[in-house]
Every structure is written in structure tokens, then in C-alpha cells.
Amino acid sequence: MSLGLVRLLSLFAAVGLQFLALEALQLAAHPWGLYLMIVGFYVLGKLLQRYSVVPVPKAIGWGIQWAGVAALGLWAVFMIWLAFFW
């Protein structure tokens, strides 16, 4: 399996896990929990990239890191949508 595919799969899996955690833990009612989850995913991805020697965990770390960024972007877009169109 190519590293690009591993990166994309880990990105989509991490975004999916963040969405499930958001729904299951009701993190929308506690914004600090949402922020901690987003930052935690970003930091976890950075740590995997930095301290892994093998290329596959580095690719997984890349996906996890950018899943945190994607979750932050999706949250911002959703908040803007709520502010203007709700």
C-alpha cells in the first residue's frame, strides 16, 4: 500500500473518529472539550511524525495531524454557517 493512500485513510479515519466523539460525548455543549480534541489530534500527529523511524507511522501521523486541522476548519465553517443562515 502506498504512503499516500495510508495518509488519506488515516485522515478520513481520524476525522470520522472526531465526528463520532463529538456526537457521543456531546462536545458541542462543552466547547473546551472540542478544542482539546482538535489540538490533541494535531499534537498526536506531530509526535508520530517526529518520533517515528518507519515511514508508515509517519504517514499515519500526517493524516492524524491534518485531521485536527480539517476538524478545526469544518467547525469554523459550521459556526459561520450558523451565524449567517440559521
TODO: Could you list all residues from region 43-72 that are in a helix (DSSP H, G or I) and either loosely packed, with under 11 Cβ neighbours inside 10 Å or of a type in the set (D, E, K, R) (or both)?
DONE: Lys46, Arg50, Tyr51, Pro55, Lys58
- [ ] Output the residues belonging to region 1-33 that are over 16 Å from Val56 (Cβ atoms) and β-branched (Val, Ile, Thr).
- [x] Val15
- [ ] Answer yes if at least one residue in region 1-10 is outside any helix (DSSP H, G or I), hydrophobic (A, V, I, L, M, F, W, C), at pLDDT below 90 and open to solvent by 40 Å² or more (accessible area, probe 1.4 Å), and no otherwise.
- [x] yes
- [ ] Working only within region 23-42, note down all residues that are open to solvent by 70 Å² or more (accessible area, probe 1.4 Å), aliphatic (A, V, I, L, M) and assigned to a helix (DSSP H, G or I).
- [x] Ala24, Leu36, Val39
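The values are calculated or read from the model by the stated rules, or taken from the named source; none is laboratory data. Predicted, not measured: the structure shown is a model, and the values here were computed from it. Note that each Cβ is placed from the backbone with ideal geometry, even for glycine, and that neighbours are counted across all protein chains shown. Accessible surface is based on the protein model in full, side chains and every heavy atom, while ligands, DNA and RNA are left aside. Shrake-Rupley method; radii C 1.70, N 1.55, O 1.52, S 1.80 Å.
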